[in-house]
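The values are calculated or read from the model by the stated rules, or taken from the named source; none is laboratory data. Please read these numbers as outputs of a predicted model, since none were measured by experiment. A quick note on method: Cβ atoms are made from the backbone with ideal geometry, for glycine too, and the neighbour counts reach across all protein chains shown.
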Amino acid sequence: MTAPVRTRSSDEMIRAEEPVLAHNYHPLPVVVARAEGAWVEDVEGRRYLDMLAGYSALNFGHRNPVLIEAAHRQLDRLTLTSRAFHNDRLAEFAEALAALTGLDMVLPMNTGAEAVESAVKVARKWAYEVKGVPANRATIVVAAGNFHGRTTTIVSFSTDETARSGFGPFTPGFRVVPYNDLAALEAAVDETTAAVLIEPIQGEAGVIIPDEGYLTGVRDLTRRAGCLFVADEIQSGLGRTGRTLAVEHEEVVPDVLLLGKALGGGIVPVSAVVARRDVLGVLHPGEHGSTFGGNPLAAAVGTAVVRLLETGAFQRRAAEAGVLLEDGLAALVGRGVVGFRSRGLWAGVDIDPAIGTGREISERLMREGVLVKDTHGSTIRLAPPLTITDEELRSALAALEKVLAA
Ligand SMILES: *Cc1c(COP(=O)(O)O)cnc(C)c1O
(Lines give C-alpha, C1' and ligand atoms only; values in the text may rest on other atoms or scores of the structure.)
Protein backbone atom coordinates (compact mmCIF):
# COMPACT_ATOMS: atom_id res chain seq x y z
CA MET A 1 0.00 0.00 0.00
CA THR A 2 1.36 3.44 -0.90
CA ALA A 3 1.35 6.32 1.58
CA PRO A 4 -1.98 8.14 1.75
CA VAL A 5 -2.21 11.60 0.23
CA ARG A 6 -2.95 13.78 3.26
CA THR A 7 -5.41 16.55 2.69
CA ARG A 8 -7.22 16.93 6.00
CA SER A 9 -6.77 15.02 9.23
CA SER A 10 -9.33 12.43 10.35
CA ASP A 11 -10.71 14.82 12.96
CA GLU A 12 -11.03 17.62 10.41
CA MET A 13 -12.87 15.33 8.00
CA ILE A 14 -15.26 14.13 10.67
CA ARG A 15 -16.00 17.75 11.57
CA ALA A 16 -16.39 18.68 7.88
CA GLU A 17 -19.09 16.01 7.41
CA GLU A 18 -21.31 17.35 10.17
CA PRO A 19 -22.95 20.32 8.36
CA VAL A 20 -23.12 18.76 4.87
CA LEU A 21 -23.89 15.06 5.35
CA ALA A 22 -27.27 13.70 6.46
CA HIS A 23 -27.01 12.33 9.98
CA ASN A 24 -28.61 8.95 9.24
CA TYR A 25 -25.54 7.09 10.58
CA HIS A 26 -23.43 7.35 13.72
CA PRO A 27 -20.09 5.97 12.48
CA LEU A 28 -17.17 5.15 14.72
CA PRO A 29 -14.66 8.02 14.61
CA VAL A 30 -12.32 6.37 12.13
CA VAL A 31 -11.77 7.73 8.60
CA VAL A 32 -10.73 4.90 6.32
CA ALA A 33 -8.53 5.85 3.39
CA ARG A 34 -7.38 2.50 2.01
CA ALA A 35 -7.72 -1.21 2.60
CA GLU A 36 -6.45 -4.63 1.66
CA GLY A 37 -7.61 -8.07 2.72
CA ALA A 38 -8.84 -7.94 6.31
CA TRP A 39 -7.11 -4.61 7.04
CA VAL A 40 -8.10 -1.00 6.64
CA GLU A 41 -5.91 2.03 7.12
CA ASP A 42 -7.04 5.48 8.24
CA VAL A 43 -5.98 8.90 7.02
CA GLU A 44 -3.10 9.03 9.49
CA GLY A 45 -1.89 5.58 8.45
CA ARG A 46 -3.18 3.71 11.52
CA ARG A 47 -4.14 0.12 10.67
CA TYR A 48 -7.25 -1.70 11.87
CA LEU A 49 -8.44 -5.26 11.51
CA ASP A 50 -11.89 -5.09 9.89
CA MET A 51 -14.12 -7.43 11.89
CA LEU A 52 -17.31 -6.10 10.25
CA ALA A 53 -16.48 -6.48 6.56
CA GLY A 54 -19.16 -4.10 5.36
CA TYR A 55 -21.91 -6.15 7.05
CA SER A 56 -20.75 -9.12 4.91
CA ALA A 57 -20.39 -7.13 1.69
CA LEU A 58 -16.64 -7.82 1.95
CA ASN A 59 -16.73 -11.59 2.46
CA PHE A 60 -13.79 -12.00 0.08
CA GLY A 61 -11.73 -9.26 1.70
CA HIS A 62 -11.02 -5.70 0.71
CA ARG A 63 -9.86 -5.40 -2.88
CA ASN A 64 -9.75 -9.12 -3.44
CA PRO A 65 -7.25 -9.37 -6.33
CA VAL A 66 -9.37 -11.77 -8.40
CA LEU A 67 -12.43 -9.52 -8.11
CA ILE A 68 -10.48 -6.31 -8.68
CA GLU A 69 -9.00 -7.82 -11.83
CA ALA A 70 -12.42 -8.84 -13.11
CA ALA A 71 -13.70 -5.32 -12.45
CA HIS A 72 -10.69 -3.69 -14.14
CA ARG A 73 -11.03 -5.88 -17.20
CA GLN A 74 -14.70 -5.01 -17.47
CA LEU A 75 -14.11 -1.28 -16.88
CA ASP A 76 -11.84 -1.29 -19.90
CA ARG A 77 -14.52 -2.81 -22.13
CA LEU A 78 -18.12 -2.01 -21.22
CA THR A 79 -19.81 -0.72 -18.06
CA LEU A 80 -23.48 -0.01 -18.72
CA THR A 81 -26.03 -0.74 -21.40
CA SER A 82 -29.35 -0.66 -19.53
CA ARG A 83 -31.61 -3.63 -20.15
CA ALA A 84 -32.87 -1.93 -23.32
CA PHE A 85 -30.14 -3.99 -24.98
CA HIS A 86 -28.53 -7.32 -24.15
CA ASN A 87 -25.00 -7.29 -22.79
CA ASP A 88 -22.42 -10.01 -23.23
CA ARG A 89 -21.89 -10.60 -19.48
CA LEU A 90 -25.40 -11.19 -18.20
CA ALA A 91 -26.13 -14.70 -19.47
CA GLU A 92 -22.98 -16.08 -17.85
CA PHE A 93 -23.81 -14.37 -14.54
CA ALA A 94 -27.36 -15.72 -14.46
CA GLU A 95 -26.24 -19.24 -15.45
CA ALA A 96 -23.52 -19.27 -12.80
CA LEU A 97 -25.76 -17.94 -10.03
CA ALA A 98 -28.61 -20.30 -10.86
CA ALA A 99 -26.21 -23.25 -10.87
CA LEU A 100 -24.62 -22.18 -7.57
CA THR A 101 -27.97 -21.94 -5.80
CA GLY A 102 -29.75 -24.85 -7.48
CA LEU A 103 -32.58 -22.59 -8.67
CA ASP A 104 -33.67 -21.73 -12.20
CA MET A 105 -33.93 -18.03 -12.84
CA VAL A 106 -32.30 -14.78 -11.82
CA LEU A 107 -33.71 -11.26 -11.55
CA PRO A 108 -30.67 -8.96 -11.24
CA MET A 109 -31.04 -5.83 -9.13
CA ASN A 110 -28.58 -3.59 -7.28
CA THR A 111 -29.16 -3.17 -3.56
CA GLY A 112 -30.49 -5.66 -1.06
CA ALA A 113 -33.59 -3.59 -0.42
CA GLU A 114 -34.37 -3.69 -4.15
CA ALA A 115 -34.12 -7.47 -4.13
CA VAL A 116 -36.56 -7.61 -1.21
CA GLU A 117 -38.94 -5.15 -2.89
CA SER A 118 -38.75 -7.19 -6.08
CA ALA A 119 -39.54 -10.38 -4.19
CA VAL A 120 -42.56 -8.75 -2.55
CA LYS A 121 -43.87 -7.77 -5.98
CA VAL A 122 -43.13 -11.18 -7.52
CA ALA A 123 -44.74 -13.02 -4.60
CA ARG A 124 -47.89 -10.89 -4.83
CA LYS A 125 -48.15 -11.35 -8.59
CA TRP A 126 -47.58 -15.08 -8.19
CA ALA A 127 -50.34 -15.18 -5.56
CA TYR A 128 -52.86 -13.55 -7.93
CA GLU A 129 -51.89 -15.32 -11.13
CA VAL A 130 -50.88 -18.78 -9.95
CA LYS A 131 -52.41 -19.32 -6.50
CA GLY A 132 -55.64 -17.44 -7.27
CA VAL A 133 -55.74 -15.01 -4.34
CA PRO A 134 -58.46 -12.35 -4.93
CA ALA A 135 -57.07 -9.04 -6.28
CA ASN A 136 -55.24 -6.86 -3.74
CA ARG A 137 -55.78 -9.33 -0.89
CA ALA A 138 -52.38 -11.04 -0.84
CA THR A 139 -50.52 -11.15 2.48
CA ILE A 140 -46.89 -11.80 3.27
CA VAL A 141 -45.90 -13.21 6.65
CA VAL A 142 -42.64 -11.92 8.17
CA ALA A 143 -40.83 -12.32 11.47
CA ALA A 144 -40.43 -9.87 14.33
CA GLY A 145 -36.90 -8.51 14.65
CA ASN A 146 -36.44 -8.70 10.89
CA PHE A 147 -34.14 -6.51 8.87
CA HIS A 148 -34.87 -6.46 5.16
CA GLY A 149 -33.86 -2.92 4.20
CA ARG A 150 -35.02 0.67 4.38
CA THR A 151 -37.66 1.41 1.73
CA THR A 152 -41.15 2.56 2.72
CA THR A 153 -42.66 -0.86 2.05
CA ILE A 154 -39.90 -2.70 3.88
CA VAL A 155 -40.05 -0.53 7.00
CA SER A 156 -43.82 -1.09 6.90
CA PHE A 157 -43.16 -4.57 8.29
CA SER A 158 -40.18 -3.75 10.49
CA THR A 159 -40.62 -4.06 14.26
CA ASP A 160 -37.84 -1.55 14.93
CA GLU A 161 -39.53 1.72 15.94
CA THR A 162 -36.43 3.77 15.06
CA ALA A 163 -36.60 2.44 11.50
CA ARG A 164 -40.36 3.20 11.20
CA SER A 165 -41.16 6.23 13.27
CA GLY A 166 -42.07 9.26 11.18
CA PHE A 167 -42.16 7.37 7.88
CA GLY A 168 -45.82 6.36 7.64
CA PRO A 169 -48.30 5.79 6.11
CA PHE A 170 -47.17 2.23 5.64
CA THR A 171 -47.78 -0.41 2.99
CA PRO A 172 -50.47 -2.89 4.06
CA GLY A 173 -50.46 -6.63 3.42
CA PHE A 174 -47.92 -7.89 5.96
CA ARG A 175 -48.37 -10.02 9.07
CA VAL A 176 -45.65 -10.13 11.70
CA VAL A 177 -45.11 -13.24 13.83
CA PRO A 178 -42.39 -14.03 16.39
CA TYR A 179 -39.19 -15.43 14.86
CA ASN A 180 -38.37 -19.08 15.51
CA ASP A 181 -42.02 -19.88 16.32
CA LEU A 182 -43.59 -22.38 13.92
CA ALA A 183 -46.95 -22.42 15.71
CA ALA A 184 -47.31 -18.65 15.33
CA LEU A 185 -46.34 -18.92 11.68
CA GLU A 186 -48.88 -21.68 11.10
CA ALA A 187 -51.59 -19.53 12.70
CA ALA A 188 -50.74 -16.52 10.51
CA VAL A 189 -50.69 -18.36 7.18
CA ASP A 190 -54.02 -18.63 5.36
CA GLU A 191 -55.45 -18.76 1.83
CA THR A 192 -54.38 -15.14 1.20
CA THR A 193 -50.73 -15.84 1.99
CA ALA A 194 -48.42 -15.26 -0.95
CA ALA A 195 -45.20 -15.89 0.92
CA VAL A 196 -43.34 -16.30 4.16
CA LEU A 197 -40.32 -13.99 4.11
CA ILE A 198 -37.62 -14.64 6.68
CA GLU A 199 -33.88 -14.42 7.28
CA PRO A 200 -32.48 -17.93 7.95
CA ILE A 201 -30.34 -16.18 10.58
CA GLN A 202 -31.35 -12.70 11.73
CA GLY A 203 -28.21 -10.59 11.30
CA GLU A 204 -29.13 -7.08 12.39
CA ALA A 205 -31.15 -8.47 15.30
CA GLY A 206 -27.86 -9.78 16.73
CA VAL A 207 -27.10 -12.93 14.74
CA ILE A 208 -30.16 -14.78 16.00
CA ILE A 209 -29.98 -18.44 14.98
CA PRO A 210 -33.30 -20.28 14.99
CA ASP A 211 -33.67 -23.70 16.60
CA GLU A 212 -32.68 -26.72 14.55
CA GLY A 213 -35.76 -27.71 12.57
CA TYR A 214 -37.21 -24.22 12.19
CA LEU A 215 -36.18 -23.78 8.56
CA THR A 216 -37.36 -27.30 7.74
CA GLY A 217 -40.62 -26.44 9.47
CA VAL A 218 -41.00 -23.25 7.43
CA ARG A 219 -40.32 -25.26 4.27
CA ASP A 220 -42.92 -27.92 5.16
CA LEU A 221 -45.50 -25.38 6.25
CA THR A 222 -45.17 -23.19 3.14
CA ARG A 223 -45.36 -26.24 0.90
CA ARG A 224 -48.50 -27.52 2.64
CA ALA A 225 -50.09 -24.05 2.63
CA GLY A 226 -49.25 -23.50 -1.04
CA CYS A 227 -47.32 -20.30 -0.47
CA LEU A 228 -43.75 -19.31 -1.25
CA PHE A 229 -40.78 -19.57 1.10
CA VAL A 230 -38.65 -16.48 0.49
CA ALA A 231 -35.26 -16.65 2.23
CA ASP A 232 -33.44 -13.35 2.65
CA GLU A 233 -29.79 -14.44 2.55
CA ILE A 234 -28.46 -11.00 1.74
CA GLN A 235 -26.29 -11.08 4.86
CA SER A 236 -26.24 -14.80 5.77
CA GLY A 237 -25.46 -16.07 2.29
CA LEU A 238 -22.40 -16.51 0.09
CA GLY A 239 -20.07 -18.32 2.45
CA ARG A 240 -20.55 -16.40 5.69
CA THR A 241 -21.88 -19.31 7.76
CA GLY A 242 -19.56 -21.99 6.40
CA ARG A 243 -21.96 -22.97 3.62
CA THR A 244 -22.86 -21.19 0.41
CA LEU A 245 -26.28 -20.49 1.93
CA ALA A 246 -27.42 -20.56 5.55
CA VAL A 247 -30.48 -22.66 4.56
CA GLU A 248 -28.08 -25.46 3.63
CA HIS A 249 -27.47 -26.11 7.32
CA GLU A 250 -30.92 -27.76 7.25
CA GLU A 251 -30.71 -28.82 3.62
CA VAL A 252 -33.69 -26.67 2.81
CA VAL A 253 -34.32 -25.18 -0.64
CA PRO A 254 -36.52 -22.08 -0.59
CA ASP A 255 -38.72 -21.07 -3.54
CA VAL A 256 -37.14 -17.64 -3.67
CA LEU A 257 -33.67 -16.65 -2.54
CA LEU A 258 -32.52 -13.06 -2.01
CA LEU A 259 -28.83 -12.27 -2.39
CA GLY A 260 -26.90 -9.03 -2.18
CA LYS A 261 -24.01 -7.60 -0.18
CA ALA A 262 -21.11 -10.03 -0.93
CA LEU A 263 -22.51 -10.64 -4.43
CA GLY A 264 -20.96 -7.29 -5.39
CA GLY A 265 -17.54 -8.38 -4.14
CA GLY A 266 -17.22 -5.19 -2.08
CA ILE A 267 -16.89 -3.28 -5.35
CA VAL A 268 -20.32 -2.45 -6.74
CA PRO A 269 -23.86 -3.03 -5.46
CA VAL A 270 -25.16 -6.29 -6.92
CA SER A 271 -28.28 -8.06 -5.71
CA ALA A 272 -30.53 -10.74 -7.12
CA VAL A 273 -33.80 -12.54 -6.70
CA VAL A 274 -33.15 -16.18 -7.57
CA ALA A 275 -36.15 -18.44 -7.89
CA ARG A 276 -37.87 -21.27 -9.63
CA ARG A 277 -39.02 -20.61 -13.17
CA ASP A 278 -42.71 -20.92 -12.28
CA VAL A 279 -42.27 -18.08 -9.78
CA LEU A 280 -40.05 -15.54 -11.57
CA GLY A 281 -41.89 -16.45 -14.75
CA VAL A 282 -44.80 -14.24 -13.64
CA LEU A 283 -42.81 -11.16 -14.73
CA HIS A 284 -43.26 -9.89 -18.26
CA PRO A 285 -41.62 -7.00 -20.13
CA GLY A 286 -42.38 -3.62 -18.60
CA GLU A 287 -43.71 -4.97 -15.30
CA HIS A 288 -40.53 -4.53 -13.28
CA GLY A 289 -37.00 -3.33 -13.85
CA SER A 290 -33.96 -1.29 -12.94
CA THR A 291 -31.66 0.91 -15.03
CA PHE A 292 -28.52 -0.45 -13.40
CA GLY A 293 -29.75 -3.98 -12.62
CA GLY A 294 -27.68 -6.56 -14.48
CA ASN A 295 -25.23 -4.00 -15.84
CA PRO A 296 -22.09 -5.52 -17.39
CA LEU A 297 -19.76 -4.35 -14.61
CA ALA A 298 -22.05 -5.79 -11.94
CA ALA A 299 -22.45 -9.01 -13.93
CA ALA A 300 -18.69 -9.37 -14.39
CA VAL A 301 -18.02 -8.86 -10.67
CA GLY A 302 -20.98 -11.05 -9.69
CA THR A 303 -19.78 -13.84 -11.97
CA ALA A 304 -16.28 -13.61 -10.47
CA VAL A 305 -17.84 -13.86 -6.98
CA VAL A 306 -19.77 -16.99 -7.98
CA ARG A 307 -16.59 -18.50 -9.44
CA LEU A 308 -14.83 -17.96 -6.10
CA LEU A 309 -17.67 -19.70 -4.30
CA GLU A 310 -17.78 -22.61 -6.77
CA THR A 311 -14.46 -23.85 -5.39
CA GLY A 312 -15.95 -24.26 -1.91
CA ALA A 313 -12.72 -22.90 -0.41
CA PHE A 314 -14.30 -19.83 1.20
CA GLN A 315 -17.13 -21.85 2.71
CA ARG A 316 -14.62 -24.35 4.14
CA ARG A 317 -12.47 -21.54 5.47
CA ALA A 318 -15.48 -19.89 7.17
CA ALA A 319 -16.41 -23.19 8.80
CA GLU A 320 -12.85 -23.88 9.92
CA ALA A 321 -12.07 -20.38 11.21
CA GLY A 322 -15.57 -20.37 12.71
CA VAL A 323 -14.46 -23.05 15.15
CA LEU A 324 -11.62 -20.79 16.30
CA LEU A 325 -14.04 -17.88 16.68
CA GLU A 326 -16.52 -20.00 18.63
CA ASP A 327 -13.84 -21.41 20.94
CA GLY A 328 -12.37 -17.96 21.49
CA LEU A 329 -15.75 -16.49 22.41
CA ALA A 330 -16.64 -19.46 24.61
CA ALA A 331 -13.47 -18.77 26.60
CA LEU A 332 -14.70 -15.21 27.26
CA VAL A 333 -18.10 -16.24 28.61
CA GLY A 334 -18.23 -15.16 32.24
CA ARG A 335 -15.29 -12.82 31.62
CA GLY A 336 -17.23 -9.92 30.17
CA VAL A 337 -19.25 -11.90 27.63
CA VAL A 338 -22.66 -12.98 28.93
CA GLY A 339 -23.55 -15.03 25.87
CA PHE A 340 -22.99 -15.34 22.15
CA ARG A 341 -24.35 -16.96 19.04
CA SER A 342 -22.12 -17.93 16.16
CA ARG A 343 -22.20 -19.82 12.91
CA GLY A 344 -19.19 -19.90 10.65
CA LEU A 345 -17.43 -16.54 10.70
CA TRP A 346 -20.42 -14.71 12.09
CA ALA A 347 -21.16 -13.96 15.71
CA GLY A 348 -23.44 -11.84 17.87
CA VAL A 349 -21.75 -11.27 21.21
CA ASP A 350 -23.68 -10.03 24.24
CA ILE A 351 -21.39 -8.00 26.46
CA ASP A 352 -22.06 -7.57 30.19
CA PRO A 353 -23.90 -4.20 30.23
CA ALA A 354 -21.93 -3.27 33.38
CA ILE A 355 -18.80 -3.13 31.20
CA GLY A 356 -20.31 -0.86 28.57
CA THR A 357 -22.78 -0.46 25.76
CA GLY A 358 -22.06 -2.11 22.44
CA ARG A 359 -21.07 1.31 21.18
CA GLU A 360 -18.57 1.86 23.99
CA ILE A 361 -17.05 -1.59 23.47
CA SER A 362 -16.79 -0.86 19.73
CA GLU A 363 -14.97 2.42 20.45
CA ARG A 364 -12.56 0.73 22.84
CA LEU A 365 -11.89 -2.02 20.29
CA MET A 366 -11.25 0.65 17.69
CA ARG A 367 -8.54 2.10 19.92
CA GLU A 368 -7.05 -1.42 20.03
CA GLY A 369 -7.03 -1.52 16.22
CA VAL A 370 -10.11 -3.70 15.71
CA LEU A 371 -13.28 -2.49 13.98
CA VAL A 372 -16.66 -3.96 14.92
CA LYS A 373 -20.21 -2.65 15.04
CA ASP A 374 -22.75 -2.81 17.81
CA THR A 375 -26.26 -3.96 16.98
CA HIS A 376 -28.68 -3.45 19.85
CA GLY A 377 -27.90 -2.56 23.47
CA SER A 378 -24.75 -4.36 24.55
CA THR A 379 -24.47 -6.72 21.58
CA ILE A 380 -21.64 -6.49 19.08
CA ARG A 381 -21.47 -8.29 15.79
CA LEU A 382 -18.38 -9.98 14.41
CA ALA A 383 -18.25 -10.76 10.70
CA PRO A 384 -14.67 -10.60 9.45
CA PRO A 385 -13.71 -11.19 5.83
CA LEU A 386 -13.62 -14.94 5.14
CA THR A 387 -9.99 -14.43 4.10
CA ILE A 388 -8.95 -13.63 7.68
CA THR A 389 -6.04 -15.75 8.96
CA ASP A 390 -6.05 -17.67 12.24
CA GLU A 391 -3.44 -15.29 13.57
CA GLU A 392 -5.52 -12.22 12.69
CA LEU A 393 -8.60 -13.77 14.25
CA ARG A 394 -6.66 -14.61 17.42
CA SER A 395 -5.43 -11.02 17.63
CA ALA A 396 -9.01 -9.71 17.36
CA LEU A 397 -10.11 -12.08 20.14
CA ALA A 398 -7.13 -10.97 22.25
CA ALA A 399 -8.15 -7.33 21.73
CA LEU A 400 -11.69 -8.17 22.85
CA GLU A 401 -10.34 -9.97 25.91
CA LYS A 402 -8.19 -6.95 26.77
CA VAL A 403 -11.08 -4.49 26.36
CA LEU A 404 -13.37 -6.63 28.51
CA ALA A 405 -10.75 -6.98 31.24
CA ALA A 406 -9.95 -3.24 31.39
C1 LIG B 1 -28.34 -5.45 4.38
C2 LIG B 1 -29.57 -6.26 4.28
C3 LIG B 1 -30.62 -5.88 3.43
C4 LIG B 1 -30.63 -4.58 2.66
O5 LIG B 1 -29.55 -4.46 1.80
P6 LIG B 1 -29.13 -3.01 1.24
O7 LIG B 1 -28.12 -3.32 0.17
O8 LIG B 1 -28.55 -2.25 2.38
O9 LIG B 1 -30.36 -2.38 0.70
C10 LIG B 1 -31.71 -6.72 3.32
N11 LIG B 1 -31.76 -7.86 4.02
C12 LIG B 1 -30.77 -8.27 4.86
C13 LIG B 1 -30.89 -9.56 5.60
C14 LIG B 1 -29.66 -7.46 5.03
O15 LIG B 1 -28.70 -7.82 5.88
Odd one out for ILE209, checked against (1) within 16 Å of the ligand (Cβ to nearest atom); (2) of a type outside the set (S, T, N, Q); (3) touching a helix residue (DSSP H, G or I) at 6+ places or on another chain (Cβ under 8 Å): (3)
How about the stretch 105-218: which strands (runs of 3 or more DSSP E) wholly inside it have at least 2 residues that are more than 27 Å from PHE292 (Cα to Cα)? 139-143, 174-177, 193-198
Among the residues of the stretch 219-269, how many are part of a loop (DSSP other than H, G, I, E, B), more than 10 Å from the ligand (Cβ to nearest atom) and not basic (Lys, Arg)? 17
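Quick one: is ASN59 buried (at least 18 other Cβ atoms within 10 Å of the Cβ) and either within 16 Å of the ligand (Cβ to nearest atom) or among the charged types (D, E, K, R) (or both)? Break it down stepwise before answering.
Numbers: buried (at least 18 other Cβ atoms within 10 Å of the Cβ): yes; either within 16 Å of the ligand (Cβ to nearest atom) or among the charged types (D, E, K, R) (or both): yes.
So ASN59 passes the test.
Taking the criterion of being within 30 Å of GLY377 (Cα to Cα), out of contact with any helix residue (DSSP H, G or I) (no Cβ under 6 Å at 6 or more places or on another chain), at pLDDT 95 or above and outside any helix (DSSP H, G or I), would at least one residue in the stretch 78-97 satisfy it?
Initially, the stretch 78-97 is screened for residues within 30 Å of GLY377 (Cα to Cα), giving none.
No, the conditions are met nowhere in the stretch 78-97.
Each row is one residue, and each column tells you yes or no for (1) buried (at least 22 other Cβ atoms within 10 Å of the Cβ); (2) part of a helix (DSSP H, G or I).
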| position | (1), (2) |
| --- | --- |
| PHE292 | no, no |
| GLY302 | yes, yes |
| ARG317 | no, yes |
| LEU324 | no, yes |
| VAL338 | no, no |
| GLY344 | yes, no |
| ASP350 | no, no |
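Is one or more of the residues making up the stretch 302-311 within 16 Å of the ligand (Cβ to nearest atom), at pLDDT 95 or above and touching a helix residue (DSSP H, G or I) at 6+ places or on another chain (Cβ under 7 Å)? Break it down into steps so the answer makes sense when it comes.
The first filter runs over the stretch 302-311 and keeps only residues within 16 Å of the ligand (Cβ to nearest atom), leaving 302, 305.
Restricting the remaining residues to those that are at pLDDT 95 or above gives 302, 305.
Restricting the remaining residues to those that are touching a helix residue (DSSP H, G or I) at 6+ places or on another chain (Cβ under 7 Å) gives 302, 305.
Yes; the residues of the stretch 302-311 include at least one that is within 16 Å of the ligand (Cβ to nearest atom), at pLDDT 95 or above and touching a helix residue (DSSP H, G or I) at 6+ places or on another chain (Cβ under 7 Å).
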Given (1) touching a residue at least 40 places away in the same chain (Cβ under 8 Å); (2) farther than 24 Å from THR111 by Cβ, index of the condition ALA300 fails: (2)
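Any residue at all in the stretch 256-277 that is over 19 Å from VAL177 (Cα atoms), more than 21 Å from the chain's Cα centre (by Cα) and in the same structural domain as LEU75 (by TED's automatic domain parsing)?
Just the residues of the stretch 256-277 that are over 19 Å from VAL177 (Cα atoms), to begin with: 256-277.
Applying the additional criterion that residues be more than 21 Å from the chain's Cα centre (by Cα) yields 276-277.
Among the residues that remain, those that are also in the same structural domain as LEU75 (by TED's automatic domain parsing) are: 276-277.
For the stretch 256-277, residues over 19 Å from VAL177 (Cα atoms), more than 21 Å from the chain's Cα centre (by Cα) and in the same structural domain as LEU75 (by TED's automatic domain parsing): present.
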Select from the stretch 113-142 the residues that are touching a strand residue (DSSP E or B) at 6+ places or on another chain (Cβ under 9 Å) and without any contact (Cβ under 8 Å) to a residue 40 or more places away in the chain and write down the one among them that is surrounded by the fewest Cβ atoms within 10 Å (Cβ to Cβ). TYR128
Is at least one residue of the stretch 175-187 touching a Leu at 6+ places or on another chain (Cβ under 8 Å), within 16 Å of the ligand (Cβ to nearest atom) and aliphatic (A, V, I, L, M)? no
